[in-house]
Amino acid sequence: MRRNLLLFIGLNAVGATGCDFDTLAEAEDQLRRGPLREYEFALPVVQDTFVLGDVFDSLGVGIDTLPDGLLAVVPDTVSFALFIPVVIPAIVVDTVVTIAPLWQTVDSAMLNLGDFTDALASGTLNTALLGLNFSNTADAPIELVNFQIGVVPVVGGSLDSVAGQPAFVTDGGGTPILIDLVDPGDTVFALGRMQTGKVDSLPAASLVDVLIDRVLAGDTIALAVVGDIHVGDGTVVTVNAGDILDLSVVPIVGIDLTLVVGGAAITLPTLLESGLDLDPEIAADLTNNVLDSVGLVLVVDNGVAFGLQVETAFVGDSVTGDVFTAPGAVLDTMLVSAAAVDAIGRATAATRDTTGLVLDNANVTQTFGSFVTIGVRIRLLPPVGGRGRIHDSDNIRIAATARVWLHVGGGQ
Amino acid sequence: MSRVVLAAAIFALTGSSLTAQAVPEGSQASSVASGYRRPIQLRMDPFRHVLIPHWGFVISAGGFGGNNSLNVNDARALIQVSDDINSSNVLNAMNLVREGSGLEFDGAAQAGLYLGGPIAGVFSIGLSGMGRAYGFALIPEQAVGFLSSGNVANESFSLANTRAVTLTTAEAGAHATLRFGPLGSEDGVHATLGFGGRMIWPQYYVNVAADPASQVTVSGSNASANVTMNVLRSEDVALNTSLGSGFAADFLVRMEWPTSGLALEAMVANVGSVNLTGLTAEVMSVSVNTASLNEAKDSLDAAAFVDVATDQEATIKLPRIIRFTGSSWANRFLQIDISATLAVHDEFDTPTIVNLGTTWRFISWIPLHAGLEMSGREGLGFTLGIGVETRNILFRLYGGSLGGWVYQAKGGAARVELGVFF
C-alpha cells in the first residue's frame with residue numbers, strides 16, 4: 001500500500017525546473033493548444049459619399065458650375081487684341097469698318113481639360129459656352145456688327161482661306177461652324193467710350209466640340225474672329241493709334257457628353273499611398289500564423305449618369321513606370337452601372353453594384369510595406385441613350401468592407 | 001486524466017470498506033483528538049485553530065489563486081513571449097478562454113497569528129490577528145468574443161460585468177467553541193458550537209468595473225464604442241485605520257460520533273461587510289461612432305482615466321462561506337472527508353468547490369493527506385499535505401494543484417502552519 005502511494009507520487013513528480021520553455025517556438029506552440037477555430041472579421045474601410053462637385057473642385061483643373069448645376073471644365077482664356085483700324089483726330093465720325101480676321105492659334109497647352117481630356121475628346125459635347133470679355137480703350141463708342149468666331153486651320157503660319165475668306169471648319173452638312181459674338185437676342189454688341197463689356201454664356205457646343213477634337217488630334221488650328229466695327233455715333237470722337245479693342249474668349253465645356261458604346265477613358269495619376277507599415281516580424285507572424293485571406297467588398301451606389309469601368313492595380317512599395325505591368329501587381333476590374341437618366345441625360349436614380357476582391361496571403365502582404373503604389377484606370381461608360389450630364393450634386397456612395405479570415409489554435 | 005485514474009486505482013488497491021465502523025480501541029484513529037480530525041482547508045476556515053486541544057500559538061500563512069482557462073504552462077508561455085508579443089500570440093491566448101464562461105480569476109491570501117486554547121474541557125477560546133487579501137477579476141465571454149470568434153455572427157460585444165476588485169485587510173478576531181456531549185448515551189453524539197467575529201480594517205481597495213451600458217459594435221460598415229470604465233480606489237497607504245472598518249461573523253456546528261468515527265459539520269463564515277471611506281473615483285470614457293477603423297483607433301489611443309471625485313465611500317460585502325463537511329474513519333488509519341463549499345455570486349465571486357480528501361495516519365501524529373478538489377472554476381485538482389501534531393508542536397504543510405497537475409494546473413494553493421503549545 002505504501003509502495004503504491006509512493007509510486008503515485010513518483011509518477012507525477014515534476015521533472016522540469018526553471019520557468020521558460022526551451023525555445024520561443026515551444027512557448028508559442030503552447031499558446032496554440034486551444035481548439036482550431038477559423039473565423040471572420042468584417043471591418044469598415046470607408047463608408048463615404050463622394051459629391052461630384054466637391055471631388056472635381058480638387059482635381060487641379062478649372063471647374064465651374066453652370067446655373068442649372070451642370071459641371072463644366074474651364075480651360076485657359078484665348079485672347080485677341082484688335083488695333084482699331086482707323087485713327088480719328090477728334091472729329092465727328094460715324095463709320096463702319098470691316099476688320100481683317102483676328103486669329104489666335106490654340107494648342108493643347110491652352111486647352112487644359114485635366115483628367116477629362118480623353119473623355120471630352122472622344123465624346124460629343126452637348127453643352128459648351130463661350131464667355132466673352134470686351135474692352136474698348138478708345139474715346140469713341142464702338143459697335144461690333146456681325147462679329148463671328150469660328151475654327152480655322154493654320155497653314156504655313158497663316159489662316160487657311162478660301163476666296164480670300166478664312167476657311168472656317170464646317171459641320172457635317174458643309175455649313176461653317178460660326179458663333180455670333182453678341183448677346184442672345186441682340187444683333188450688335190455695343191461698347192461705350194473706354195468701356196468694358198461681356199457676354200456671360202454664349203451657347204457654342206458645336207464650335208467648342210470641333211475645337212477640342214482638332215486640337216487634341218494634333219491639328220494646327222486657330223480661333224478666328226471676323227466682322228465689322230461701327231465707330232462713332234455722330235458726335236466728336238477720338239481714336240488714337242494705340243487704341244485697341246481687346247477681346248478674350250473663355251470656353252466653358254459642360255460635362256454633358258454623348259459617348260459611344262466603348263466609353264471614354266479618364267486618366268488618373270498613379271497614386272503613392274501609405275501602406276500599413278507593419279514591422280516585418282509582425283507581418284511575417286500575421287501571414288504565417290494567423291491570416292488566411294483578406295477580402296474587400298465594395299458596394300457602390302452610383303448616382304452619376306455614366307457607368308464606370310474601374311481597373312485597379314497595386315504593388316507594394318514605390319514603383320516607377322506602369323503599375324499595371326509591374327511584377328507582382330494585383331489587378332482587379334470592377335464595373336459600375338450608370339444611374340438612370342432622363343431624356344437630356346441627367347441622373348434620376350442611383351444604381352447599386354456590388355463587387356468583391358479576395359487577396360490571398362501573397363497579395364495582401366503587398367499592403368504591409370511603407371508604401372503602396374496604386375494605379376487606377378477609369379472608363380466612363382454611356383448610360384441608356386448614350387447622353388449623360390454630370391451635375392454638381394451628383395454623388396457616388398461607396399461602402400467598402402474588409403473581410404479578414406483568420407485561424408487560431410489547433411496546435412499540440 | 002491519467003493521474004485521476006491512477007489515484008482512483010490506488011484508493012481501490014488500499015482496500016477496506018469505506019463505510020463508517022466502530023473505531024477500534026488502541027488504533028491510530030482512536031487516539032486522534034477531535035480538534036485534529038477537522039479536514040485542513042486550503043481556503044478560508046476561521047475555526048481551524050480554536051478546536052486544538054492545547055494552549056499555545058500558531059503562526060500560519062496560506063493562499064490560493066486560480067482561473068478558469070489558462071494553466072501554468074500557458075502562463076509560462078505568456079511571460080516568455082511578453083517581451084516580443086505578436087498578433088498570433090494574443091489571438092491564440094484569447095482562444096484559450098473557456099467557452100461559455102469568459103475569463104475569471106480569483107484568489108485570496110492570509111497570514112497571521114493565533115493564540116488560544118481550551119478551558120475546562122468544554123470551552124475553547126482563541127484570539128487572532130492577521131492580514132488578508134481577496135481578489136477577483138472577470139472578463140465576460142461577450143467581451144472576449146470579438147477576439148475569439150469574429151464579428152460576422154455577432155456585431156455587438158457588451159462589456160457589462162467586466163470588473164476587477166481587490167481588497168486587503170488587517171483583522172483582529174475572537175472565536176470560541178462550546179462542546180456538548182456525549183448526548184443521549186455514552187456512545188452518543190458530541191456537539192460543538194462555534195461562534196466568533198473579526199474586526200476588519202481595510203488597507204487597500206481598488207475596484208475597476210465597466211459601466212453596464214458599455215458596448216463595442218463593429219460591423220462591415222461601422223465601428224462604434226461607448227465604453228466607460230469606473231475605478232474606485234484607495235490611496236496607496238499601508239497599516240492604517242483611516243480607510244474605514246468592518247466586521248465579520250463566523251458560526252460553526254459540528255456533530256461527532258467518536259465511537260463510530262463519523263463527523264458532520266456546517267459552517268457559515270465571513271458574514272459581514274466593510275465600510276470604506278476616503279476613496280477616489282476615476283472614470284475613463286470612450287465614445288466613438290465612425291465608418292473608419294483608423295478614427296476609432298485614434299479615439300481609443302487618446303482615452304485616459306480622469307479623477308472625478310475624492311473622499312468617496314463604499315460598502316463591500318465580504319465573500320460569505322457556507323461549507324458542509326462530512327468525515328468518517330474508513331479503517332484504523334484512514335479518514336475520508338468530503339466537503340462542499342457553496343458558490344458566492346457577489347463582488348468576490350467564488351465557485352462551488354467540492355473536496356474529497358483522505359488523511360492517512362500510519363502514525364497518529366503524522367497525518368498524510370491526499371485528495372481531490374473539484375472547483376466550478378478551475379476544474380479537477382489535487383491536494384497533498386503533511387503534518388506533525390504533537391502535544392507541543394504543530395506543523396502543517398499543505399498544497400494544491402487546482403484544475404490540473406502542476407504545469408497543467410489552472411491554479412494553486414498552499415498553506416503552512418507552525419504552532420507551539422504550552
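B:E155 passes every criterion in (1) within 24 Å of B:V58 (Cβ to Cβ); (2) within 14 Å of chain A (Cβ to nearest Cβ) apart from (1). Note on the stretch B:57-114: residues that are more than 19 Å from the chain's Cα centre (by Cα), among the small types (G, A, S) and modelled with pLDDT of 90 or more amount to 2.
Applying a threshold of 6 Å to beta carbon distances and a minimum spacing of six or more residues, or different chains, the list of pairs starting in the stretch A:30-56 at a residue that is more than 7 Å from chain B (Cβ to nearest Cβ) and farther than 26 Å from B:S88 by Cα and ending at one that is modelled with pLDDT of 85 or more and assigned to a loop (DSSP other than H, G, I, E, B) reads A:L52/A:I390; A:L52/A:D394; A:G53/A:D392.
If only residues of the stretch B:154-185 that are in contact (Cβ under 8 Å) with a residue 12 or more places away in the chain and outside any strand (DSSP E or B) are counted, the one that is surrounded by the fewest Cβ atoms within 10 Å (Cβ to Cβ) is B:A160.
Among the residues of the stretch A:333-364, write down those that are assigned to a loop (DSSP other than H, G, I, E, B) and more than 19 Å from A:I378 (Cβ to Cβ). Explain how you work it out, then say what you get.
As a first pass, look at the stretch A:333-364 and keep what is assigned to a loop (DSSP other than H, G, I, E, B): A:337-339, A:342-345, A:350.
Result: A:D342, A:A343, A:I344.
If you go through the stretch B:363-391 and pick out every residue that is without any contact (Cβ under 8 Å) to a residue 60 or more places away in the chain and more than 21 Å from the chain's Cα centre (by Cα), you end up with 5.
Which residue is farthest from the other protein chains (Cβ to nearest Cβ), if the candidates are limited to the stretch B:129-152 and must be in a loop (DSSP other than H, G, I, E, B) and crowded, with 18+ Cβ neighbours inside 10 Å? Only one residue tops the list, namely B:P140. All conditions but one from (1) buried (at least 20 other Cβ atoms within 10 Å of the Cβ); (2) small (G, A, S); (3) more than 30 Å from A:L298 (Cβ to Cβ) apply to B:A191; the one that does not is (1).
For the stretch B:58-81, which residues satisfy the criterion of being assigned to a helix (DSSP H, G or I) and either more than 10 Å from chain A (Cβ to nearest Cβ) or among the hydrophobic types (A, V, I, L, M, F, W, C) (or both)?
Step one: of the stretch B:58-81, the residues assigned to a helix (DSSP H, G or I) are B:72-81.
Passing the criteria: B:V72, B:A75, B:A77, B:L78, B:I79, B:V81.
Within the stretch B:106-128, the residues that satisfy the criterion of being surrounded by 19 or more Cβ atoms within 10 Å (Cβ to Cβ) and either closer than 30 Å to A:V408 by Cβ or without any contact (Cβ under 8 Å) to a residue 12 or more places away in the chain (or both) are B:D106, B:G107.
Let's see how each residue does on (1) among the aromatic types (F, W, Y); (2) in contact with a strand residue (DSSP E or B) (Cβ under 6 Å, 6 or more places away or on another chain); (3) farther than 19 Å from B:A33 by Cα; (4) surrounded by 18 or more Cβ atoms within 10 Å (Cβ to Cβ):
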site: B:A330; (1), (2), (3), (4): no, yes, no, yes
site: B:P351; (1), (2), (3), (4): no, yes, yes, yes
site: B:T358; (1), (2), (3), (4): no, yes, no, yes
site: B:I363; (1), (2), (3), (4): no, no, no, no
site: B:H369; (1), (2), (3), (4): no, yes, no, yes
site: B:S375; (1), (2), (3), (4): no, yes, yes, yes
site: B:F382; (1), (2), (3), (4): yes, yes, yes, yes
site: B:I386; (1), (2), (3), (4): no, yes, no, no
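Here A:P184 passes the criteria (1) farther than 30 Å from A:N240 by Cβ; (2) assigned to a loop (DSSP other than H, G, I, E, B); (3) touching a Ser or Thr at 6+ places or on another chain (Cβ under 7 Å) except the one numbered (3).
Within the stretch A:143-164, the set of residues being of a type in the set (D, E) and not in a strand (DSSP E or B) comprises just one member, A:D160. Considering the stretch B:208-224, and only residues there that are over 27 Å from the mean Cα position of the chain (by Cα) and of a type in the set (A, V, I, L, M), the residue that is farthest from A:R403 (Cα to Cα) turns out to be B:A213.
Restricting attention to the stretch A:288-333, the residues that are among the β-branched types (V, I, T) and either away from chain B (no Cβ under 14 Å) or surrounded by fewer than 17 Cβ atoms within 10 Å (Cβ to Cβ) (or both) add up to 10.
Would you confirm whether any residue within the stretch A:202-224 is farther than 25 Å from A:V155 by Cα, touching a residue at least 24 places away in the same chain (Cβ under 8 Å) and surrounded by 20 or more Cβ atoms within 10 Å (Cβ to Cβ)? For the stretch A:202-224, residues farther than 25 Å from A:V155 by Cα, touching a residue at least 24 places away in the same chain (Cβ under 8 Å) and surrounded by 20 or more Cβ atoms within 10 Å (Cβ to Cβ): present. For the stretch A:382-412, the set of residues classified as within 14 Å of chain B (Cβ to nearest Cβ) and among the aliphatic types (A, V, I, L, M) consists of A:I398, A:A399, A:A400, A:A402, A:V404, A:L406, A:V408, listed by residue number.
Of the strands (runs of 3 or more DSSP E) contained entirely in the stretch B:248-348, those carrying at least 2 residues that are more than 30 Å from B:R233 (Cβ to Cβ) and more than 14 Å from chain A (Cβ to nearest Cβ) fall at B:262-290, B:321-329, B:334-341.
Remark: A:G321 falls outside the filter, which requires a residue to be among the small types (G, A, S) and either at pLDDT 80 or above or within 30 Å of A:H407 (Cα to Cα) (or both). When the stretch B:23-49 is filtered for residues that are in contact (Cβ under 8 Å) with a residue 40 or more places away in the chain, part of a loop (DSSP other than H, G, I, E, B), more than 23 Å from B:Y134 (Cα to Cα) and of a type outside the set (G, A, S), the ones remaining, listed by number, are B:V23, B:P24, B:V32, B:R37, B:R38.
The values are calculated or read from the model by the stated rules, or taken from the named source; none is laboratory data. Because the structure is predicted, anything quoted here is derived from the model rather than measured. Glycine also receives a Cβ, built like all others from the backbone with ideal geometry; neighbour counts cover every protein chain displayed.
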